[in-house]
1. If only one of 165, 173 is on the phi < 0 side of the Ramachandran plot and in contact with a Lys or Arg (Cβ under 7 Å, 6 or more places away or on another chain), which one is it?
2. Select, from 120, 126, the only residue that is surrounded by fewer than 15 Cβ atoms within 10 Å (Cβ to Cβ) and either under 16 Å from the mean Cα position of the chain (by Cα) or not aromatic (Phe, Trp, Tyr) (or both).
3. Here are 19, 36, 13: which of them is among the acidic types (Asp, Glu) and under 30 Å from residue 161 (Cβ atoms)?
4. Just to be sure, is residue 172 farther than 20 Å from residue 57 by Cα, β-branched (Val, Ile, Thr) and at pLDDT 95 or above?
5. Out of all the residues in the range 183-232, which are crowded, with 24+ Cβ neighbours inside 10 Å and hydroxyl-bearing (Ser, Thr, Tyr)?
6. Quickly run through the range 161-217 and pick out the residues that are in contact with a helix residue (DSSP H, G or I) (Cβ under 7 Å, 6 or more places away or on another chain), near the ligand (Cβ under 10 Å from one of its atoms) and part of a strand (DSSP E or B).
7. Would you point out which residue out of 57, 30, 83 is more than 16 Å from the ligand (Cβ to nearest atom) and either at pLDDT below 95 or more than 14 Å from the chain's Cα centre (by Cα) (or both)?
8. So residue 131 ticks every box in (1) farther than 16 Å from residue 13 by Cβ; (2) away from the ligand (no atom under 15 Å from the Cβ) but one. Which box is left unticked?
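The values are calculated or read from the model by the stated rules, or taken from the named source; none is laboratory data. In this text, all values refer to a predicted model and were calculated from it rather than measured experimentally. Please note: Cβ atoms are built from the backbone with ideal geometry, for glycine as well, and neighbour counts cover all protein chains shown.
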Amino acid sequence: MIKLGIIGAMDIEVALLKEQLTDPKVTHKAGSEFWEGTLRGLSVVIVRCGVGKVNAALCVQILADLFGVTHIVNTGIAGSMDADLDIGDLVVATEAMYHDMTVTIFGYPRGQVPGMDVQAFPADEALSEAAAAACAKRAVRFKRGRIVSGDQFVGDSAVKDDILENCGGLCVEMESAAIAHAAYRNGIPFAILRAISDKADDSATMDYPTFEAKAARDCAAITATMAETLAK
Ligand code: ADE
């Protein structure tokens, strides 16, 4: 039986999902509200973790310890790192990696956390397939590949180029590698689904406020479709 933890960084990324919960029960922990209930027939716990890696990771641990989730999905928005990914398109992660973990001076590849056996944390294939199927069902354009994260809003072409050159990635945001890292350490399968809100370059500060809400809502709607598939 799946019990799915659903994490979004901001209210707008999870509001639509919380509205659809039946029999919601809210628990407060570490400054977040954990909304437990049934979403389209699936047992879920929804949380707005807040922005950035630490907020994201600690919510994973709470979902694991207090709620016993069996799977985790991260929904939200991201900046595009791929010329073929436009605002409104979706990305389903094959893996997530930090772009700001830099211990290269001691021989670690960029992104790798010393002591971890992987440079990028692999997403669960079956769960990611369910995310991709939900994208296909709703006829949105999507790509699958690496997502990179760091505690930085990328809105500068030079920063974007540096990340691309050293880390690659289809899109950049601020939580998923931390969610992936914490899930990996707990042995919890995870998937990441992100909608593009900007191009992570000099146009980002203009585009982001314009497209943030729509991209976040679209991504949440696809996450709900994914829950429906998983409930069957
Ligand atoms: N989330 C949405 N757009 C982003 C960007 N350009 N950088 C980091 N996180 C983001």
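1. On the way: 165 fails: in contact with a Lys or Arg (Cβ under 7 Å, 6 or more places away or on another chain).
None of the others qualify; the one that does is 173.
2. Numbers: 120 fails: surrounded by fewer than 15 Cβ atoms within 10 Å (Cβ to Cβ).
Residue meeting the stated conditions: 126.
3. Details: 19 fails: under 30 Å from residue 161 (Cβ atoms); 36 fails: under 30 Å from residue 161 (Cβ atoms).
Sole residue among the options that is among the acidic types (Asp, Glu) and under 30 Å from residue 161 (Cβ atoms): 13.
4. Working: farther than 20 Å from residue 57 by Cα: no; β-branched (Val, Ile, Thr): yes; at pLDDT 95 or above: yes.
Criteria not met by residue 172.
5. Matches in the range 183-232: 197, 223.
6. If the condition is that a residue be in contact with a helix residue (DSSP H, G or I) (Cβ under 7 Å, 6 or more places away or on another chain), near the ligand (Cβ under 10 Å from one of its atoms) and part of a strand (DSSP E or B), then 172, 194, 195, 196, 197, 198 are the ones that fit.
7. On the way: 57 fails: either at pLDDT below 95 or more than 14 Å from the chain's Cα centre (by Cα) (or both); 83 fails: more than 16 Å from the ligand (Cβ to nearest atom).
Testing whether each residue is more than 16 Å from the ligand (Cβ to nearest atom) and either at pLDDT below 95 or more than 14 Å from the chain's Cα centre (by Cα) (or both) leaves just 30.
8. Only one criterion is unmet by residue 131, namely (1).
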